[in-house]
Each structure stands twice: as structure tokens, then as C-alpha cells.
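So the structure is just underneath, and the comments pick up after that.
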Amino acid sequence: MVDIPAELLEIDDTDDDRYWASVGRAVALMEHKGRTADGIPLLTSLVAAHPEWPVRAAAVRLLAEHHAGDPDADAAVAAATHDTVDWVSFTALKVIAEHRIAAAVPDLIRISGWPSNFTRPDFTRKPVGCGAAFTKRALLAIFGTRDPAELRRLEDEYFADMHKRLEAARKRPRRNDDVVLVPGGPAIIGAKAEPDPFRMTQGDNTLRVVDVPTFLIDRTAVTNARYREFLEEVGDSGEFDHPDQPEGRSHVPAHWHDPRFNAPDLPVVGIDWYDAYAFANWAGGSLPSEVQWEKAARGVDGRRYPWGDEWDPARVNYVERSFGTAVSDLDSLEALLVTVSQGENPAHPVLPADALPEGASPYGALQMSGNVWEITRTNFYTGEDMDPFFKGRHPLEFMNRKDAFHVLRGGTWTSPPSCLTTFYRGKDLLTDRHNEVGFRCVYEVTD
């Protein structure tokens with residue numbers, strides 16, 4: 001983008017006549033400056049950033065009239081279909097139809113939905129006004145047909161390359177052979193609420209039976225050694241990042257230089273949801289849903305801990321093992337946890353990711369109870385996959401939004417027994433980085 005000249009920003013809004021007169025002067029100047037190819041950067045900047053919508057709409061019209069077919073001009077016109085002011089987006093939709101700007105098809109599809117079934121005589125929909133009509137008209141102008149079968153064929157042809165790229169990304173090879181198979185079928189999920197001396201509620205995971213398709217899951221939490229491979233290969237490319245990931249940040253863990261947490265065989269900690277998402281994408285998998293995680297930890301018999309129904313402190317790394325001190329209730333737990341200090345207490349909080357094999361789940365996954373909490377892709381409040389939209393905002397702006405909290409599972413080295421059950425649900429803000437939190441990945445079964 002280029003800087004907008006001051007004379008194009010001088011809009012007099014003291015009354016209606018002066019407002020429109022000053023807009024007219026700005027548009028006349030735009031006509032003069034924007035006719036040649038040298039004016040494209042100015043017009044695209046006006047479309048994107050001018051504070052007055054009539055100027056943005058005029059810039060859209062001028063781009064289409066004088067520069068349709070130029071990639072930058074077409075991209076700016078297409079983007080204007082999502083302007084927050086109706087007449088800017090309507091202007092964009094009108095000129096797209098008039099000049100048959102094919103580059104705008106992905107933006108039109110975002111508005112109308114794909115495939116464009118609206119020419120089918122049996123298709124019903126819920127249009128809400130002018131925008132739906134303008135969008136339909138633009139798509140029909142670009143593809144040149146109202147026949148539903150032909151329209152679908154042309155749309156499929158248009159998106160063929162995109163589908164190939166998506167399919168290639170979906171079939172990205174799995175970067176880990178140390179996985180266990182979780183067979184498909186029903187599983188007991190959740191539990192009934194029960195009294196707890198640590199006052200940890202268990203009643204938010206309703207007891208039910210869920211059918212879970214077959215999947216693979218990492219046998220251990222992702223280690224520092226695996227995570228280092230990811231960092232070294234990906235660097236700052238952003239290729240595997242979530243679209244909502246905050247800009248200008250790296251995936252280097254917060255505790256990468258703390259000797260208590262950075263040994264190669266320890267689970268990686270000090271990462272947030274965006275880091276875990278990018279790693280899982282790079283690894284050819286995804287973060288587990290909390291239902292997938294629970295089945296992998298619990299099996300099909302509804303067991304309380306990965307190893308069975310009876311508590312066994314020898315099978316798990318939890319608060320009493322990591323601190324060497326017994327706790328009996330919430331007060332004693334909190335009194336112990338506030339003794340944590342940087343680089344000192346406890347000296348060795350986390351165990352290697354493959355330690356305590358006697359605590360394995362029915363499928364052979366290790367430490368699904370204790371050692372580190374594990375990040376899932378599930379929203380804590382809705383139970384749906386996370387779908388964040390906080391890019392460019394400070395965590396203070398969304399730390400009270402339900403959309404910003406993912407489910408944690410399994411408990412950690414600071415947890416009492418009540419947090420170590422297969423059904424306990426923890427939560428965390430998706431941008432927080434803790435030395436108590438790690439993750440593992442799941443993968444599709446392709447053979």
C-alpha cells in the first residue's frame with residue numbers, strides 16, 4: 001500500500017452539501033491520478049484504507065473501469081466485496097459482474113456458499129437483501145451459464161488446482177512412527193459429579209457413550225527433540241501456522257533455555273495452542289479432539305485412570321512425586337504450589353516422555369495421566385473445534401471470551417489425583433505458555 005495524499009483525505013463533514021462536494025473533489029482527483037497503471041497502487045490503497053465509504057466505492061469503480069485484468073486491481077476489487085459498508089461491497093459486486101472479474105470467484109463463493117446451487121429449481125435458501133442478488137448475478141456473469149449442472153462443472157474446474165493443493169496438504173506424510181492405534185467404535189466418555197477434597201469439579205463432562213472413528217495417536221507427548229526438528233525445518237516460514245496466529249511471533253518455547261524443562265527426552269512445554277497447532281500440521285496430523293484424547297486414555301471400559309480404576313501413585317508423575325510432599329486438600333495443595341520458584345523448586349518437575357510405562361493406557365499411550373497437561377483442539381465451552389478470530393488483538397481483549405479457551409486433558413506435575421482422571425477437563429487461554437502444558441498429535445489411518 002502507498003500513503004494516501006492529504007488532499008484525498010480532506011473531507012468536509014460539517015453538513016451534507018459540503019460533505020458530498022468534498023467527496024466529489026476527491027473522486028475527480030482520483031479519476032485524474034488513477035487512469036494509468038501508475039495509479040493502481042493509489043486506488044488499491046484507497047479501497048483498503050480510506051475512512052469514507054463513498055471514496056472507497058469510487059476507487060473500486062475506477063479500478064474496474066480502467067484496470068480490470070490487472071492482478072493487483074482485481075484482488076483489491078475482490079477484497080472490497082467484504083467491505084463493512086454495504087454500498088462499497090455492492091459496488092464491487094456490480095463491477096465484478098460487468099467486467100467478469102474471474103479472480104473474485106473465491107470471494108463470491110465465501111458469500112454465496114459452494115457449490116452455487118441457486119440455479120437449481122429445487123434449491124431453497126435464505127437471502128437477506130441486495131448482497132445475495134448482486135453476488136448471484138456476478139457468479140452467473142463470470143461463468144456465463146444458468147444451467148445448474150454446467151455451473152457446477154465450471155466451478156469444479158475453477159477450483160481444481162486449489163482442491164489438488166488442499167488434498168496434497170491433507171495427505172502430508174506423518175512425521176512420526178511412534179504411534180499407537182485406537183480402533184473405531186463406541187467408548188464411555190465423561191463421569192458423574194462426585195465430592196472432591198481439592199474442590200475440582202467433575203460434573204462438566206456428562207457421562208455418555210460416543211462412537212469414535214479409528215485414529216492413530218502419538219505414543220508419548222511431543223518431546224523437545226521432535227519439537228527441535230520442527231523449529232529447524234520450519235524456521236519463520238509460517239507455512240503451517242493457523243490463519244489466526246498472532247503476527248510477528250516465533251514458535252520457540254518459552255522455557256527453551258530452562259534446564260529443568262529442555263532436555264531432549266522431556267515433553268516440550270512453554271508452548272501455546274497456536275504452537276501446538278502448527279507443529280501438528282507440520283507433523284501430518286492434528287491436535288486431538290477431547291473425545292479422541294479421552295478414548296485413547298481410557299479405552300472402552302470407562303476406567304478412571306489410564307491403567308485402571310484404582311489410584312496408584314507409582315504409575316504417574318503428579319504433585320506429590322514432583323515436590324516430594326504429601327497434600328490432602330485444596331489448602332495444602334495451594335500452600336505447596338506457591339513455593340514454586342524459577343529454576344529452583346522443584347528441581348526436576350517433569351519426567352521423560354517415555355517414563356512410567358506401567359501407567360500406559362489400554363492402547364499403549366504413555367503418561368496420559370500426569371507429567372504435563374495436553375492441549376486439544378476442542379473449545380472448552382462449546383465442545384466444538386477451536387475457531388479463533390483474535391489476530392491483531394492483545395490477550396487482554398479476549399481473555400474473557402469463551403471462544404479463546406481450549407480443553408486441557410490429563411493433569412500435570414502440579415496436579416492432585418482428582419485432576420488425573422481420564423475424564424477431568426482443564427482449560428487454558430489459547431495464547432498462554434506454561435511449563436505445565438504440552439501436547440501430542442493424532443493422525444488419520446490411511447492404509
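The values are calculated or read from the model by the stated rules, or taken from the named source; none is laboratory data. Since we're looking at a predicted model, the values are computed, not measured. Positions of Cβ are generated from backbone atoms using ideal geometry, with glycine treated the same way; all protein chains shown enter the neighbour counts. Only protein heavy atoms, including side chains, enter the accessible area calculation; ligands, DNA and RNA are left aside. Shrake-Rupley method; radii C 1.70, N 1.55, O 1.52, S 1.80 Å.
Given the residues 361, 415, which is the only one that is more than 22 Å from residue 177 (Cβ to Cβ), of a type in the set (Gly, Ala, Ser) and either open to solvent by 10 Å² or more (accessible area, probe 1.4 Å) or at pLDDT 90 or above (or both)?
The match here is 415.
Summed over the range 92-114, the residues that are open to solvent by less than 20 Å² (accessible area, probe 1.4 Å) and under 21 Å from residue 53 (Cβ atoms) give a count of 8.
Each residue in the range 181-217 was checked for being polar (S, T, N, Q), surrounded by fewer than 19 Cβ atoms within 10 Å (Cβ to Cβ) and either touching a Cys at 6+ places or on another chain (Cβ under 8 Å) or modelled with pLDDT under 90 (or both), and 3 of them qualify.
Scanning the range 307-335 for residues that are open to solvent by less than 20 Å² (accessible area, probe 1.4 Å) and polar (S, T, N, Q), which turns out nearest to residue 383 (Cα to Cα)? So, considering only residues that are open to solvent by less than 20 Å² (accessible area, probe 1.4 Å) and polar (S, T, N, Q), the one nearest to residue 383 (Cα to Cα) is 317.
Only residues that are outside any loop (DSSP other than H, G, I, E, B) and either of a type outside the set (Ser, Thr, Tyr) or at pLDDT below 70 (or both) were counted in the range 370-400, giving 10. Scanning the range 220-241 turns up one or more residues that are at pLDDT 95 or above, at negative phi and touching a Cys at 6+ places or on another chain (Cβ under 9 Å).
Checked against the criterion of being among the hydrophobic types (A, V, I, L, M, F, W, C), open to solvent by less than 50 Å² (accessible area, probe 1.4 Å) and touching a Phe, Trp or Tyr at 6+ places or on another chain (Cβ under 8 Å), the range 9-24 contains one or more residues that satisfy it. All conditions but one from (1) part of a helix (DSSP H, G or I); (2) at pLDDT 95 or above; (3) over 32 Å from the mean Cα position of the chain (by Cα) apply to residue 311; the one that does not is (1). Within the range 261-268, is there a residue that is outside any loop (DSSP other than H, G, I, E, B), of a type in the set (Gly, Ala, Ser) and touching a residue at least 60 places away in the same chain (Cβ under 8 Å)? No, the range 261-268 contains no residue that is outside any loop (DSSP other than H, G, I, E, B), of a type in the set (Gly, Ala, Ser) and touching a residue at least 60 places away in the same chain (Cβ under 8 Å). Only one of the listed residues (244, 218, 258) is within 21 Å of residue 380 (Cα to Cα) and touching a residue at least 60 places away in the same chain (Cβ under 8 Å). That residue is 244. Taken together, the residues in the range 254-273 that are surrounded by fewer than 20 Cβ atoms within 10 Å (Cβ to Cβ) and hydrophobic (A, V, I, L, M, F, W, C) amount to 3.
Conditions (1) over 25 Å from residue 35 (Cβ atoms); (2) in contact with a helix residue (DSSP H, G or I) (Cβ under 6 Å, 6 or more places away or on another chain); (3) at pLDDT below 90, marked per residue:
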position	(1), (2), (3)
62	no, yes, no
92	no, yes, no
98	no, no, no
102	no, yes, no
114	yes, no, yes
129	yes, no, yes
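The lone criterion from (1) buried (at least 20 other Cβ atoms within 10 Å of the Cβ); (2) part of a helix (DSSP H, G or I) left unmet by residue 225 is number (1). Among the residues of this structure, residue 72 does not count as one that is more than 34 Å from the chain's Cα centre (by Cα) and open to solvent by 30 Å² or more (accessible area, probe 1.4 Å).
Note on the range 297-306: residues that are out of contact with any Ser or Thr (no Cβ under 6 Å at 6 or more places or on another chain) and open to solvent by less than 40 Å² (accessible area, probe 1.4 Å) amount to 2. Checking each residue in the range 274-295 for being within 17 Å of residue 253 (Cα to Cα), open to solvent by less than 10 Å² (accessible area, probe 1.4 Å) and touching an Asp or Glu at 6+ places or on another chain (Cβ under 8 Å) picks out 274, 278, 282. Does residue 175 meet the test of being in a helix (DSSP H, G or I), at pLDDT 80 or above, of a type in the set (D, E, K, R) and surrounded by 13 or more Cβ atoms within 10 Å (Cβ to Cβ)? Taking the combined requirement at face value, the residue does not satisfy it.
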